[in-house]
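The values are calculated or read from the model by the stated rules, or taken from the named source; none is laboratory data. All values reported here derive from a predicted model rather than from experimental measurement. For accessibility, only protein heavy atoms count, side chains too; no ligands or nucleic acids. Shrake-Rupley method; radii C 1.70, N 1.55, O 1.52, S 1.80 Å.
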Amino acid sequence: GKYEKERKQMAQIITKERASRLEGSFGKDKQHYLLERINARTKENEILWIFFGIHTGNALEIGRRMYQAGQEVTKVA
């Protein structure tokens, strides 16, 4: 419609920002969870290394958030 050009510009900006944040997250995980150099010899083993590395990062992030939420509850109570 009337603002189609502006809508496309905003969509492009949002897409770029989202991609940057995702890449940053994967970059952090690669550094911290030994994914910089995968020592796999087969494709299946490489996929497993990546899978467990990402899930380890996610599990630790969930644990941190749960711990922080527990700390906030004890401060209020």
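Between PHE52, PHE26, which is under 15 Å from the mean Cα position of the chain (by Cα) and modelled with pLDDT of 80 or more? Steps first, answer last, please.
Values: PHE26 fails: modelled with pLDDT of 80 or more.
Answer to the check: PHE52.
Identify the single condition in (1) open to solvent by less than 100 Å² (accessible area, probe 1.4 Å); (2) modelled with pLDDT under 85 that GLU4 does not satisfy, given that it satisfies every other one.
With (1) open to solvent by less than 100 Å² (accessible area, probe 1.4 Å); (2) modelled with pLDDT under 85 applied to GLU4, the lone miss is (2).
Can you tell me which residues in the range 29-46 are assigned to a helix (DSSP H, G or I) and either open to solvent by 100 Å² or more (accessible area, probe 1.4 Å) or modelled with pLDDT under 85 (or both)? Write out each step before concluding.
Looking only at the range 29-46, we keep the residues that are assigned to a helix (DSSP H, G or I), and these are 29-32, 43-46.
Within the range 29-46, ASP29, LYS30, GLN31, HIS32, LYS43, GLU44, GLU46 meet the criteria.
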